């Protein structure tokens, strides 16, 4: 199927990268990195050349998110997957409550469940459905995922917690920057840079409230709780306050992320989110207009502004079409999450994916499918 389909020249996107991660890194950012020549790469991360970039990045995030007073931007190596363990070991007092909407929120729950001295419980919905977090008695740590990368579900509300000894934690990996959050309701907000912020993986950004910082430093002094040196929040916080990381980072990753934050700060978060919503409306409107398509997420309020999942009539094999598009270097990495096992497109709506290219993508996919009818 689709083996004879040739994308018309006028529908070829200027960039074929529509995947949800790793994301589209602008060529201009790579050119900027190259222009640093011998002044940055190969430099110790304890030296000013690198620390100045880290400081600019931290200040850029504070500006972009308009962070409340006392919130700190903590950086480190390892990515969001490592943070699931790091959070369980160093930020949960006794019990964590997990709101599970897909593969990655479930992995976070499973990571905490393995830690012997804390109790972890999940509240779970079927894949494709949304679930907002809420406070429940008996838990000192609430875990939720802003944008479930595997399914394209986003949160529509994060409530303010009433309890003084409860922390709200948000895995924002594929939604940070494009889904609005009131940080007054959030204590731990973390993400990896390879999604909206257009860099490489293996790194994390964690935004911590004063409550979260207090707990992290206090639990870190408890000698009865084990935590590897590389996962100690005290090291991460202390080094971040010095505009550096505890152990040696990939400097190119930090540089590229900083380039993206500068780019997005030129518009501001509200404008970036407005553009994301416009792209989301395009994709979901396209799905609604075609009888062979429908949005996987049934409820509008839970449909992501960062990752769109669109189901396709089983008569038209998405896998066959994506192979053809990939071979022509027109659209790459737009298949469904592997464990969902659905005949589905999963398309990034990230900031660097242009509206014009998304429009071309919808038109060429429709042309291919309708040529097979």
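The values are calculated or read from the model by the stated rules, or taken from the named source; none is laboratory data. This structure is a prediction, so every number in the text was calculated from the model and none was measured. Every residue, glycine among them, receives a Cβ derived from its backbone with ideal geometry; neighbour counts consider all protein chains shown.
A few remarks follow.
- Any hit, the range 147-155, residues being farther than 25 Å from residue 345 by Cα and either modelled with pLDDT of 95 or more or in a loop (DSSP other than H, G, I, E, B) (or both): no
For every residue, the table says whether it meets (1) without any contact (Cβ under 8 Å) to a residue 60 or more places away in the chain; (2) in a loop (DSSP other than H, G, I, E, B); (3) over 15 Å from residue 244 (Cα atoms).
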{"residue": "3", "(1), (2), (3)": "no, yes, yes"}
{"residue": "6", "(1), (2), (3)": "no, yes, yes"}
{"residue": "39", "(1), (2), (3)": "yes, yes, yes"}
{"residue": "52", "(1), (2), (3)": "no, no, no"}
{"residue": "59", "(1), (2), (3)": "yes, no, no"}
{"residue": "63", "(1), (2), (3)": "no, no, yes"}
{"residue": "73", "(1), (2), (3)": "no, no, no"}
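- Count - residues of the range 134-157 that are under 18 Å from the mean Cα position of the chain (by Cα) and crowded, with 21+ Cβ neighbours inside 10 Å: 13
- Candidate set: the range 305-325, residues that are part of a helix (DSSP H, G or I) and in contact with a strand residue (DSSP E or B) (Cβ under 9 Å, 6 or more places away or on another chain); chosen: the one farthest from residue 126 (Cα to Cα): 325
- For the range 20-32, a tally of residues being surrounded by 15 or more Cβ atoms within 10 Å (Cβ to Cβ) and closer than 12 Å to residue 198 by Cβ returns 7.
- Of all the residues in the range 201-215, those that are in a helix (DSSP H, G or I) and touching a strand residue (DSSP E or B) at 6+ places or on another chain (Cβ under 9 Å) number 5.
- Lone unmet requirement of (1) more than 30 Å from residue 29 (Cα to Cα); (2) touching a helix residue (DSSP H, G or I) at 6+ places or on another chain (Cβ under 7 Å); (3) not assigned by TED's automatic domain parsing to the domain that holds residue 313 for residue 218: (2)
- Residue in the range 97-115 that is assigned to a strand (DSSP E or B) and more than 18 Å from the chain's Cα centre (by Cα) present: yes
- Near pairs, Cβ below 8 angstrom, 6+ apart or cross-chain, from the range 109-132 (in the same structural domain as residue 86 (by TED's automatic domain parsing)) to any residue that is surrounded by fewer than 15 Cβ atoms within 10 Å (Cβ to Cβ) and in a helix (DSSP H, G or I): 130/301
- Residues of the range 8-17 that are part of a loop (DSSP other than H, G, I, E, B) and farther than 22 Å from residue 253 by Cβ: 8, 12, 13, 14, 16.
This table checks each residue for (1) surrounded by fewer than 20 Cβ atoms within 10 Å (Cβ to Cβ); (2) touching a strand residue (DSSP E or B) at 6+ places or on another chain (Cβ under 9 Å); (3) within 24 Å of residue 40 (Cα to Cα).
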{"residue": "217", "(1), (2), (3)": "yes, no, no"}
{"residue": "236", "(1), (2), (3)": "no, yes, yes"}
{"residue": "247", "(1), (2), (3)": "yes, yes, yes"}
{"residue": "253", "(1), (2), (3)": "yes, yes, yes"}
{"residue": "268", "(1), (2), (3)": "yes, no, no"}
{"residue": "280", "(1), (2), (3)": "no, yes, no"}
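- Answer residue from the range 282-304, given it is surrounded by 13 or more Cβ atoms within 10 Å (Cβ to Cβ) and in a helix (DSSP H, G or I) and is nearest to the chain's Cα centre (by Cα) among those: 302
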